[in-house]
1. Show the residue pairs meeting these rules: Cβ distance below 6 Å; 6+ apart or different chains; first residue within the stretch 83-97 and closer than 12 Å to Arg265 by Cβ; second residue more than 6 Å from the ligand (Cβ to nearest atom) and in a loop (DSSP other than H, G, I, E, B).
2. Provide a single number: the residues in the stretch 49-73 that are in a strand (DSSP E or B) and in contact (Cβ under 8 Å) with a residue 40 or more places away in the chain.
3. Return a yes/no flag: does the stretch 119-129 have any residue that is part of a loop (DSSP other than H, G, I, E, B), crowded, with 20+ Cβ neighbours inside 10 Å and at pLDDT below 95.
4. Give the residues of the stretch 174-194 that are in contact with a strand residue (DSSP E or B) (Cβ under 9 Å, 6 or more places away or on another chain) and of a type in the set (Asp, Glu), sorted by residue number.
5. Among the residues of the stretch 52-73, write down those that are within 19 Å of the chain's Cα centre (by Cα) and more than 16 Å from the ligand (Cβ to nearest atom).
6. Out of all the residues in the stretch 172-212, which are of a type in the set (Ser, Thr, Tyr) and either without any contact (Cβ under 8 Å) to a residue 40 or more places away in the chain or closer than 14 Å to Gly145 by Cβ (or both)?
7. Among the residues of the stretch 143-175, which ones are more than 21 Å from Ile132 (Cβ to Cβ) and under 21 Å from the mean Cα position of the chain (by Cα)?
8. For the stretch 150-169, name all the residues that are surrounded by 15 or more Cβ atoms within 10 Å (Cβ to Cβ) and out of contact with any Phe, Trp or Tyr (no Cβ under 9 Å at 6 or more places or on another chain).
Amino acid sequence: LSQLFRPLDLLGMVYRTIRQGLIDMEAMYKLIDTEAEIADAPGAPALKVKAGEVRFDHVRFGYDPDREILHDVSFTVPAGKTLAIVGPSGAGKSTIARTLFRFYDIQSGRILIDGQDIAEVTQSSLRAAIGIVPQDMVLFNDTVGYNIGYGRAGASQQEIEAAAKAASIHDFIMRMPQGYDTRVGERGLKLSGGEKQRVAIARTLLKDPPVLVLDEATSALDSRTETEIQDVLRSISRKRTTLVVAHRLSTVVDADEIIVLDQGRIVERGRHADLVRSNGLYATMWARQATEREDMPVEPVIEDDF
Ligand code: ATP
């Protein structure tokens, strides 16, 4: 009977996946044998990641060739550093992440990891190098242990538990009736947004990728959960090249560089304090969000600083 339900699971998942902004792409790619428009170049070598530098070099892209979404986007994330991508809704933040994963091919320009064009290496090696923590993970209708272990084929129970501990979800799992064998997902235990995100983090820790894409949750988590998750995210991004797709600004304060995207163009870039000071779009967004969230410190805007 379970065989019968599999295609339905898959359809449900694909549907939900497509509806979500930055989707659970890794899961989707492994599940569906994509008759992809995206093909490996003949004889393409595997991506070799040494340090993990990510570079967008004059990237132009549109889902529909007549409607360009990313206009000449260039940035470099040095190995191990964190880039935050901010901007109004629809600016193209998630699109940058999707093109890095080569979910779509770009129209012109290049996307490079350690100097290798991602269009010229095998897709499997590219996707093995990138870990994604999506904002709303789609869980498999299986055990919580399976959902975490999916990060790396052949992971031992010990490794799964170590990843769960690092993601601060182990104690929660141990309180469930069947521990790691508890079924989750649509026909199992429903996990909260924060719990699902921790499962996603544990899965990513197990995968141990050199490049990380964090799609920060838009949905409000309670502030304690949010602080805990941010601490975990900060620690997993410490030694990895990280791109944070930020919908709220409170988490980008420590980023090594912030790019502000507006209608597919980078309109400002720099560190938090510089951007606040320059009184542009970022400063406006920061001021607006600060009033929305009273617990967020508002930095003084110094107008005559330069
Ligand atoms: P948000 O903060 O609301 O998630 P975003 O900055 O991540 O927004 P994107 O999801 O990258 O924005 O979308 C950028 C533009 O691309 C939008 O105009 C959107 O309508 C369009 N777009 C996104 N996905 C697709 C798609 N699959 N097909 C066609 N257009 C799309």
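The values are calculated or read from the model by the stated rules, or taken from the named source; none is laboratory data. From a predicted model like this one, the values you see are computed outputs, not experimental measurements. Every residue, glycine as well, gets a Cβ built from its backbone with ideal geometry; the counts of neighbours run over all protein chains shown.
1. That search, which allows pairs on different chains as well, returns Gly92/Gly264.
2. 12
3. No - not one qualifying residue is present in the stretch 119-129.
4. Across the stretch 174-194, the qualifying residue is only Asp181.
5. Gly52, Glu53, Val54, Arg55
6. Listed by number, the residues that qualify are Tyr180, Thr182, Ser192.
7. Step one: list which residues in the stretch 143-175 are more than 21 Å from Ile132 (Cβ to Cβ), which gives 143, 156-158, 161, 165, 170-175.
Passing the criteria: only Lys165.
8. At the first step, the residues of the stretch 150-169 found to be surrounded by 15 or more Cβ atoms within 10 Å (Cβ to Cβ) are 150-152, 155, 159-164, 166-169.
Those that are surrounded by 15 or more Cβ atoms within 10 Å (Cβ to Cβ) and out of contact with any Phe, Trp or Tyr (no Cβ under 9 Å at 6 or more places or on another chain): Gly151, Arg152, Ala155, Glu159, Ala162, Ala163, Ala166, Ala167, Ser168, Ile169.
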